[in-house]
Structure formats: structure tokens, C-alpha cells
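Enquirer: Before we start, here is the structure in question, set down as C-alpha cells.
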Amino acid sequence: MRIQVDRDRCCGSGNCVVTAPEVFDQDDEDGLVLLRFAEPTSDVADRARRAADLCPAGAISFDPPPPRAG
């Protein structure tokens, strides 16, 4: 899973930071989302998904994981 954020859509509510601080932060100047880790570990992936669900601006999206070689 790869996370993407759209700072142009972000409204700075901070729900993502509260829900998954390992993955998201807020810019000190404008309060908009900063992505700390685009590919979170499995132990925080559920919180990252929850943060996306809680985002009032819909500024967080996910790319599907790459297919496994095999």
C-alpha cells in the first residue's frame, strides 16, 4: 500500500495526525498535511486507512500494493 496526500485539498483539520502520527504530520507554517512515510508498515496501515476515512477534505488516497513476483 502506498499513500498519497493532496495538499491542495487539505483543510488542515489534523485528524490524520491524531489518528496516525507515525505516518502524517502537519506543516508548522500552513497547517497542511505532510506525509512522513508513503509506505507504512502493516502495524500502522489500519490507522492510516482510518485517517483517510476521517479526512473531511478527502486529501488522503491509496495506491494498491504492487503485485507479488512469482
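We did not get these values from a lab; they are worked out from the coordinates using the rules stated. From a predicted model like this one, the values you see are computed outputs, not experimental measurements. Backbone-built Cβ (ideal geometry, glycine too); neighbour counts: all protein chains shown.
Enquirer: Would you mind calculating the relative contact order of the chain from Cα pairs under 8 angstrom and at least 6 residues apart, reporting the percent as a whole number?
Expert: 45
Enquirer: Follow-up question, since we're still on this one. Points 7 angstrom from Cα along the Cβ direction at Asp8 and Glu39: gap in nanometres?
Expert: 2.7
Enquirer: If I histogram all Cα-Cα distances within the chain using bins 10 Å wide from 0, what percent of pairs lands in each bin?
Expert: 23, 55, 17, 4, 1
Enquirer: Using the alpha-carbon atoms, what tilt in degrees (0 to 90, nearest 10) does helix 42-54 show relative to the longest principal axis of the chain?
Expert: Helix 42-54 sits at roughly 40 degrees to that axis.
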